[in-house]
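Notes for the one structure printed next.
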Amino acid sequence: MKPRDDDIILATQPKSGTTWLKALAFAITNRGRYGFGDHPLLTHHPHQLVLSIEFHGPGGDHTDLNALASPRLLSTHIPMSLLPPEMSPSSSRRVVYLCRDPKDTFVSRWHFDNKIFHGSTMELDKAYDLFCRGLSPYGPFWEHYLEYWKASLATPDKVLFLKYEEIKEDSVRVVQKLAAFLRVPFSQEEESSGVPEEVARLCSFETLTSLQVNQVSVVNDHGDHRFPANSAFFRKGQVGDWANHMSREMGENMDQITKDRLKGSGLAF
Ligand code: A3P
């Protein structure tokens with residue numbers, strides 16, 4: 001893939017809410033093209049509409065990223081320090097990073113992995129131990145947060161740092177913030193006719209999980225590549241579900257690791 005100056009990059013750790021962010025960014029940036037009644041998000045999984053730079057999506061057509069019209073919305077789980085220099089944030093190439101309380105991200109990942117890797121279920125205790133020791137996909141977990149966090153502090157006009165919990169708390173406010181950051185702010189008219197609210201509603205867990213396309217539970221098997229079933233990206237969509245799977249001590253221990261790793265950065269959960 002050839003990076004372009006006006007690419008919009010959505011960066012996350014897996015299970016931080018990538019699917020949600022893709023839906024929101026797609027709905028915001030394409031709102032002039034589609035009505036809410038026949039929106040592509042009603043018939044397509046968010047992963048079909050915003051493609052990843054490092055793996056094939058749910059479709060079998062191997063969409064050529066270089067053939068997409070500008071500005072492209074692209075997603076990645078790659079740590080910032082491993083992105084090629086031509087993809088680093090610039091005044092025209094913006095990066096949106098979404099993260100989530102590590103405890104919920106961990107529990108979400110554990111469920112997801114056990115769902116997609118049939119026959120090789122890992123006990124939660126074992127997965128927890130590996131996670132706390134720093135073993136996770138896409139490199140050291142807390143450093144992943146920190147790299148994008150520091151970049152957002154240094155260049156807030158190029159990197160927007162969001163938390164899953166803040167979208168849950170006030171999704172309309174985040175929709176407005178995201179639109180302004182992507183330089184497609186809502187007009188007065190859009191605001192007064194409730195467009196930010198419509199976007200938030202369209203992308204909500206309740207709406208997306210009610211759609212047939214997102215309920216498909218068959219793995220997207222295209223022979224040369226497999227992609228998890230559409231439904232695998234939606235589970236509970238809640239803040240604090242970790243407490244249903246981890247003991248209080250496990251939670252406190254993970255919180256302590258998070259505090260130690262993020263110490264002095266100003267980032268906290
Ligand atoms: P849970 O497993 O805690 O339910 P990712 O998209 O990065 O793979 O993250 C998946 C997590 O985000 C899952 O969390 C999933 O349920 C949640 N999720 C997906 N779409 C969402 C939405 N529209 N609103 C809130 N949470 C959503």
Which whole-percent values make up P(r) of the stretch 145-269 when all C-alpha to C-alpha distances are grouped in 10 Å steps starting at zero? 10, 25, 32, 28, 5, 0
Calculate, in nm to one decimal, what Y138 and A243 gain on full extension: separation in residues at 0.36 nm each, minus their alpha carbon distance. 35.3 nm
Hey, got the Cα dimensions of the stretch 72-117 along the principal axes, in Å, largest first? 39, 22, 20
The stretch 57-91 scanned against label point 7 Å out from V216 along Cα→C-beta; backbone N under 19 Å for 57-64
Across L49, L82, L178, the residue with the highest GNM fluctuation in the chain (Cα network, 10 Å cutoff) is L82
Could you tell me the distance between the Cα centroids of the stretch 235-269 and the stretch 213-227, to the nearest Å? 32
Inter-probe distance in nm under a simple model that places probes 7 Å from Cα toward Cβ, at S91 and E252: 5.2
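In whole angstrom, how long is each semi-axis of the equivalent ellipsoid of the stretch 1-136, when you take the square root of 5 times every eigenvalue of its Cα gyration tensor and sort them from largest down?
Ellipsoid semi-axes (Å, largest first): 29, 19, 14.
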Taking 25 Å as R0, compute the FRET efficiency from the Cβ-Cβ separation of N114 and L82 and round it to 0.05. 0.40
Restricting to bridges with both residues inside the stretch 8-261, how much of the DSSP beta-bridge set is antiparallel, in percent to the nearest 5? 10
Taking R0 as 22 Å, what's the FRET efficiency between L153 and K259 from their Cβ-Cβ distance, rounded to 0.05? 0.75
Binned at 5 Å from zero, the C-alpha pair distances of the stretch 105-172 give percents of 3, 14, 17, 18, 17, 14, 10, 5, 1, 0
Under 10 Å, Cα contacts only: if you run a Gaussian network model on the chain, which one of L42, L135, L74 comes out with the highest mean-square fluctuation? L135
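Grab the eigenvalues of the alpha-carbon gyration tensor for the chain, scale each by 5, take roots, and send me the semi-axes largest first in whole angstrom.
On the way: eigenvalues 153, 102, 77 Å².
Gyration-tensor ellipsoid for the chain: 28, 23, 20 Å.
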Rounded to the nearest 20 debye, what is the charge dipole size of the stretch 8-261 about its Cα centre when +1 sits on each Lys and Arg Cβ and -1 on each Asp and Glu Cβ? 260
By how many nm would the segment from E123 to K236 lengthen if fully extended, with 0.36 nm per residue of separation less the alpha-carbon distance? 38.7 nm
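Each value in this text was obtained by applying a stated rule to the coordinates, not by laboratory testing. Owing to the predicted nature of the structure, the values given are computational and were not obtained by experimental measurement. Cβ atoms come from the backbone with ideal geometry, glycine included; neighbour counts cover every protein chain shown.
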